[in-house]
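*Asks:* I have a structure I would like to understand better, so I am pasting it below and will then ask my questions one at a time.
The values are calculated or read from the model by the stated rules, or taken from the named source; none is laboratory data. Just so we're clear, the structure is a prediction, and the values are computed from it rather than from any experiment. Positions of Cβ are generated from backbone atoms using ideal geometry, with glycine treated the same way; all protein chains shown enter the neighbour counts.
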């Protein structure tokens, strides 16, 4: 029998960025958020930092990597910004369906297909126990939608339930995948490493703590 070991998956949304959806780069606040997250992770034995292809994710990953010791930083398309799943009305709670479907209405058929394929690739690449007998710690610097999707999957929640799982800039979520045990969410959207003035950026104003 092939041995498998526990994977700890650290998920972080990129730091605060300028408004340009595709070319947006980190603001001064975003750079500081990334540096503070790197400081928090300094004692974690990370095997790698993966990041999405957009500038705000790549810059965040590099700034985190600069605070660590010789951790490889790697781009991954599956860690990018995309809609992982578009539900039908029948899947959704009746009182929320109109709002959620309006939010997803701009997503084109091609974007739906590509997003679903990338979401599958992200789960295959980043989740589950790892081969061998050594525990692995990995960080994925990504976007709010993928974090919601992976947290949903870790909890075996319905596919639509990635919706509404918001994530602050440079906040930290940790998932654990242990052989023979259900996957676990150890913590979600943790901002303890950020001072008060750098918390809750990127979050809907009505939901900020």
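*Asks:* Considering every residue within region 77-97, establish whether at least one is under 23 Å from residue 192 (Cβ atoms), surrounded by 19 or more Cβ atoms within 10 Å (Cβ to Cβ), touching a residue at least 12 places away in the same chain (Cβ under 8 Å) and touching a strand residue (DSSP E or B) at 6+ places or on another chain (Cβ under 8 Å). So that I can check it myself, show each step before the final result.
*Replies:* Our first condition is that a residue be under 23 Å from residue 192 (Cβ atoms); within region 77-97, this holds for none.
No, region 77-97 contains no residue that is under 23 Å from residue 192 (Cβ atoms), surrounded by 19 or more Cβ atoms within 10 Å (Cβ to Cβ), touching a residue at least 12 places away in the same chain (Cβ under 8 Å) and touching a strand residue (DSSP E or B) at 6+ places or on another chain (Cβ under 8 Å).
*Asks:* Across region 108-129, what is the number of residues that are part of a loop (DSSP other than H, G, I, E, B) and within 20 Å of residue 140 (Cα to Cα)?
*Replies:* Just the residues of region 108-129 that are part of a loop (DSSP other than H, G, I, E, B), to begin with: 108, 127-129.
Now narrow it down to the ones that are within 20 Å of residue 140 (Cα to Cα): 127-129.
Residues meeting the conditions: 3.
*Asks:* Determine if region 44-51 includes at least one residue that is farther than 16 Å from residue 136 by Cβ, part of a helix (DSSP H, G or I) and at pLDDT 95 or above. Show your work before the answer.
*Replies:* Within region 44-51, the subset farther than 16 Å from residue 136 by Cβ is 51.
Keeping just the survivors that are part of a helix (DSSP H, G or I) gives none.
No, region 44-51 contains no residue that is farther than 16 Å from residue 136 by Cβ, part of a helix (DSSP H, G or I) and at pLDDT 95 or above.
*Asks:* With the checklist (1) at pLDDT 95 or above; (2) within 21 Å of residue 51 (Cβ to Cβ); (3) in contact with a strand residue (DSSP E or B) (Cβ under 8 Å, 6 or more places away or on another chain) in hand, flag the one item residue 202 doesn't pass.
*Replies:* Exception for residue 202: condition (1).
*Asks:* Looking for whichever is under 30 Å from residue 28 (Cβ atoms) and out of contact with any helix residue (DSSP H, G or I) (no Cβ under 9 Å at 6 or more places or on another chain) here; the options are 187, 145. Which one fits?
*Replies:* Values: 145 fails: out of contact with any helix residue (DSSP H, G or I) (no Cβ under 9 Å at 6 or more places or on another chain).
Sole residue among the options that is under 30 Å from residue 28 (Cβ atoms) and out of contact with any helix residue (DSSP H, G or I) (no Cβ under 9 Å at 6 or more places or on another chain): 187.
*Asks:* Collect the residues in region 1-35 that are surrounded by 20 or more Cβ atoms within 10 Å (Cβ to Cβ) and not in a strand (DSSP E or B), keeping them in residue-number order.
*Replies:* 14, 15, 16, 30, 33, 34
*Asks:* Another question about this same structure. Since residue 70 meets every condition but one in (1) under 30 Å from residue 28 (Cβ atoms); (2) surrounded by 14 or more Cβ atoms within 10 Å (Cβ to Cβ), which condition does it not meet?
*Replies:* (2)
*Asks:* Take residue 11 and decide whether it is in contact with a helix residue (DSSP H, G or I) (Cβ under 6 Å, 6 or more places away or on another chain) and closer than 25 Å to residue 129 by Cβ.
*Replies:* On the way: in contact with a helix residue (DSSP H, G or I) (Cβ under 6 Å, 6 or more places away or on another chain): yes; closer than 25 Å to residue 129 by Cβ: yes.
For residue 11, the condition - in contact with a helix residue (DSSP H, G or I) (Cβ under 6 Å, 6 or more places away or on another chain) and closer than 25 Å to residue 129 by Cβ - is met.
*Asks:* Condition (residue is over 19 Å from residue 53 (Cα atoms), in contact with a strand residue (DSSP E or B) (Cβ under 8 Å, 6 or more places away or on another chain) and touching a residue at least 12 places away in the same chain (Cβ under 8 Å)) applied to region 107-114: is it met by at least one residue?
*Replies:* no
*Asks:* Quickly run through region 158-209 and pick out the residues that are surrounded by 12 or more Cβ atoms within 10 Å (Cβ to Cβ) and part of a helix (DSSP H, G or I).
*Replies:* Passing the criteria: 159, 160, 161, 162, 198.
*Asks:* Can you tell me which residue is nearest to residue 53 (Cα to Cα) among those in region 81-106 that are part of a loop (DSSP other than H, G, I, E, B) and in contact with a helix residue (DSSP H, G or I) (Cβ under 8 Å, 6 or more places away or on another chain)? Write out each step before concluding.
*Replies:* So in region 81-106, the residues part of a loop (DSSP other than H, G, I, E, B) come out as 81-88, 92-96, 105-106.
The next check asks that each one be in contact with a helix residue (DSSP H, G or I) (Cβ under 8 Å, 6 or more places away or on another chain); those that pass are 81-87, 92.
Working: 81: 8, 82: 11, 83: 15, 84: 16, 85: 20, 86: 22, 87: 26, 92: 31 Å.
Among them, the one singled out is 81.
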